[in-house]
Amino acid sequence: MCPRSSPTGTTLCVLAHTAIGGRVTISTHVLDAQRGRPAVGVAVQLQRQDGTVVAESATNVDGRVTGWGDGLDAGVYRLVFHTAGIAPFFPEVVLTFHYEDPAQHYHVPLLLSPFAYSTYRGS
């Protein structure tokens, strides 16, 4: 469901609430905690544990990237956020998670401020 490819051949997705088989399987949401708003235009990559890029995108006007995970095997994956434009102290944030059951929805948000960040498994 990702209509464009980058020059490197990886998939580019800028999707909002796109369901795959009735549900989104992997999504993220970046919130700029300093401004109290969604972080728009943050580049995000979904990578396998070995660093292979599976998909890449940028957060939309709601700070979201959705629609990833179609056809992925269970395993360890990473979300790599390129955050230098929002929090220069953290030019990159990497969140590693276990994608255990592809039938479930995995929402991994990032709350970002200039000198701190947090995450959790959302719904």
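The values are calculated or read from the model by the stated rules, or taken from the named source; none is laboratory data. Everything numeric in this text was worked out from a predicted model, so none of it was measured. When we count neighbours, we look across all protein chains shown, and the Cβ atoms used for this are built from the backbone with ideal geometry, even at glycine.
Assorted remarks:
- For segment 30-45, filtered to residues that are of a type in the set (A, V, I, L, M), assigned to a strand (DSSP E or B) and touching a residue at least 60 places away in the same chain (Cβ under 8 Å), the residue that is farthest from P102 (Cα to Cα) is L31.
- Residue, surrounded by the fewest Cβ atoms within 10 Å (Cβ to Cβ), within segment 58-75, restricted to residues that are part of a strand (DSSP E or B) and out of contact with any Phe, Trp or Tyr (no Cβ under 8 Å at 6 or more places or on another chain): A58
- Answer residue from segment 76-97, given it is in contact with a Phe, Trp or Tyr (Cβ under 9 Å, 6 or more places away or on another chain) and either part of a loop (DSSP other than H, G, I, E, B) or modelled with pLDDT under 95 (or both) and is nearest to Q47 (Cα to Cα) among those: T83
Yes or no, residue by residue, for (1) aliphatic (A, V, I, L, M); (2) touching a residue at least 12 places away in the same chain (Cβ under 8 Å):
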{"position": "Q47", "(1), (2)": "no, yes"}
{"position": "A58", "(1), (2)": "yes, yes"}
{"position": "L79", "(1), (2)": "yes, yes"}
{"position": "P91", "(1), (2)": "no, no"}
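- Taken over segment 84-96, residues that are under 17 Å from S57 (Cβ atoms) and under 12 Å from the mean Cα position of the chain (by Cα) amount to 3.
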